[in-house]
Amino acid sequence: MEPLLHVHNLKKSFKDKQALKGISFEVHRGEIMAILGPNGAGKSTTIRNIMGIMYPDSGTVQFNYNGKGIPKNKIGYLPEERGLYKNVKVMDILLYLADLKDYPIQQAKERVLDYLKKFDLEGKENVSIEELSKGMGQKVQFIGSIIHEPDLLILDEPFSGLDPVSQDIFKDEISQLAANGTAILLSSHQMNLVEEMCDRLFMIQNGQKVIYGTLDDVKKQYANFKCTISGKNSTEQLQTIPNVDRIEQNGDTTILHLNQDVNPPLWLRQLPEDLHISELKLNRISLHEIFIDIATNQHLIKKGEGEIYV
Ligand SMILES: Nc1ncnc2c1ncn2[C@@H]1O[C@H](COP(=O)(O)OP(=O)(O)OP(=O)(O)O)[C@@H](O)[C@H]1O
């Protein structure tokens, strides 16, 4: 898919704080690109520069839309700061937002009713915003960001404050929009959701890129296998097990971090016969663990060969 958004070498400082130190990435049509990073890494600053809410000190943001810049009414945006007018009815605020984007009102009305149903808010169209719970208000604001069928959708922490059921509804809708061709840039701290739905990710730390690539490539390079064993075993015995990069022991639970390129079935056959195992689990390290390893500068996870910076 062709890139719809090019961000090139963005730099931005606030007084003596350099928040962005040269950020470059692309977002393609039909993909979900996650922008990740610890608190204060520079995610919202990047998004605000893309949206023109603030201007970079240097660098460029380009929209490629039929060879021209993208019209503003083809962009949808859910800001990190939530807020809608309090004493306005749900339908009225959503039609107002659609109208701001020059979207036909009758069509918008139909879409609002469809979305309210989909988001478990059926019958709430005439309720005023102040009567909604925080999560309900967030759903309405999300509907407001997509009511005009944007080609590029930018979501700053869309899942924060949502219960797991609502997170799933958002996740399914975002995935459906991408499947229909919308380019989606999404910032989130919910690694499990990112792992389930994103095609590519950009991880930023201290205003700089640390990872940029497809989820598959990142997992192949960082996500080695780990084997969790419950059972009373001595460190000496565990140390005799081949192809183990690192051993973590916590009471009777042991996590064996395996070397890169270990073949799991072959490795399992090499386990000592007298090892005590009441439970055994073999799985890949999650994106959550990769994130913590990078964000806390531990660098315990060894990165494999190959290039994930694209
Ligand atoms: N308007 C501002 N004035 C001064 N400093 C700012 C401003 N906006 C952001 N910063 C600083 O820039 C850095 C990046 O902030 P930003 O909000 O982009 O981080 P973030 O990755 O979105 O964090 P979070 O996950 O906490 O939302 C931080 O050090 C922050 O303190």
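Taking all pairs of different Cα atoms in segment 120-246, averaging 1/r and flipping that mean, what Kirkwood radius in angstroms comes out? Show your work: numbers first, answer last.
Details: mean 1/r = 0.0552 Å⁻¹.
Taking every pair of different Cα atoms in segment 120-246, averaging 1/r and inverting gives 18.1 Å.
Within the accessible area of the chain, what % is carbon and sulfur when the probe is 1.4 Å and the other protein chains stay in place?
Details: 7270 of 15520 Å².
Solvent-exposed carbon and sulfur of the chain make up 47 percent of the total.
So, how do all the Cα-to-Cα distances of segment 82-127 break down into 10 Å bins, in percent, from 0 on up?
All Cα pairs considered, the percentages come to 28, 57, 15.
Nothing charged except the Cβ atoms of Lys and Arg (+1) and of Asp and Glu (-1): what's the magnitude of the dipole of the chain about its Cα centre? Round to the nearest 20 debye. Don't jump to the answer; show the numbers that get you there.
Details: 35 positive and 42 negative charges, 183 e Å.
Its charge dipole is roughly 880 debye.
Grab the other residues whose beta carbon is less than 11 angstrom from that of N233, score K and R as +1, D and E as -1, and report the net. Don't skip to the answer; put the middle values down first.
Numbers: positive: K232; negative: E236, D252, D274.
Computed value for this residue: -2.
Going from most exposed to least, what order do M51, M91 have by accessible area with a 1.4 Å probe?
On the way: M51 40, M91 20 Å².
In descending accessible area the options line up as M51, M91.
Cross-link list K74/K109; K21/K139; K68/K219: which exceed 25 angstrom alpha carbon to alpha carbon?
Details: K74/K109 18 Å; K21/K139 34 Å; K68/K219 35 Å.
Violating the 25 Å limit, Cα to Cα: K21/K139; K68/K219.
How high is the relative contact order of the chain, in percent, counting Cα pairs under 8 Å that sit 6 or more residues apart? Could you put the intermediate results ahead of the total?
Working: 550 pairs, mean separation 62.8, N = 310.
Relative CO of the chain lands at 20 percent.
Where in the chain are the DSSP H helices whose C-alpha atoms run 15 Å or more along the long axis and whose mean Kyte hydropathy is at least 1.6?
Working: long enough: 90-100 (16 Å, 1.75); 105-118 (19 Å, -0.96); 134-146 (19 Å, 0.08); 164-179 (22 Å, -0.07).
Span-like helices in the chain: 90-100.
Restricting to the chain, what percent of DSSP beta bridges are antiparallel, rounded to 5?
Values: 39 of 56 bridges.
Around 70 percent antiparallel, to the nearest 5.
Grab the other residues whose beta carbon is less than 14 angstrom from that of S128, score K and R as +1, D and E as -1, and report the net. Kindly include the intermediate steps, with their values, before the conclusion.
Numbers: positive: K86, K89, K124; negative: D92, E125, E130, E131.
Local net charge: -1.
Specify which residue in the list L238, T253, P264 is farthest towards the positive end of the charge dipole of segment 224-284, using unit charges on the beta carbon of Lys, Arg (+1) and Asp, Glu (-1), about the Cα centre.
Result: P264, furthest along the dipole toward the positive end.
With every protein chain in place, what's the accessible area of T296 (1.4 Å probe, Å², nearest 10)?
Accessible area of T296: about 80 Å².
If you bin every alpha carbon distance in the chain into 20 Å steps from zero, what whole percent lands in each bin?
P(r) over the chain, rounded to whole percents: 29, 48, 21, 2.
Output the Cα-based Rg and Dmax of segment 224-284 in Å, rounding Rg to one decimal and Dmax to a whole number.
Final numbers for Rg and Dmax: 10.4, 28 Å.
How much area per residue is accessible in the chain when the probe is 1.4 Å and only protein heavy atoms are counted (Å²)? Intermediate values should be presented prior to the final figure.
On the way: 15520 Å² over 310 residues.
Value for the chain: 50 Å² per residue.
List the lysines whose Cα lies under 21 Å from the Cα of K17, skipping any in the same chain that are fewer than 8 positions away.
K43, K209
Can you list the residues, at least 5 places off or on another chain, whose amide H is less than 5 Å from the amide H of L155, using H built in the peptide plane?
Those qualifying (amide H under 5 Å, at least 5 residues apart or on another chain) are L78, L185, L186, S187.
Would you mind counting up the charge near G22? Only other residues with Cβ under 12 Å from its Cβ, with Lys and Arg at +1 and Asp and Glu at -1. Kindly include the intermediate steps, with their values, before the conclusion.
Working: positive: K11, K12, K21, K209; negative: D57.
Taking every other residue near G22 into account, the sum is +3.
Put H148, H276 in order of accessible area, largest first, 1.4 Å probe: what do you get?
Numbers: H148 10, H276 110 Å².
From most exposed to least exposed: H276, H148.
Check the straight Cα-Cα distances from K226 and name the lysines below 21 Å, setting aside those fewer than 8 residues away within the same chain.
In chain and number order, the partners are K281, K302, K303.
The values are calculated or read from the model by the stated rules, or taken from the named source; none is laboratory data. Worth saying up front: this structure is predicted, and the values here are computed from it rather than measured. Note that each Cβ is placed from the backbone with ideal geometry, even for glycine, and that neighbours are counted across all protein chains shown. Protein only, heavy atoms only, side chains kept; ligands, DNA and RNA dropped before computing areas. Shrake-Rupley method; radii C 1.70, N 1.55, O 1.52, S 1.80 Å.
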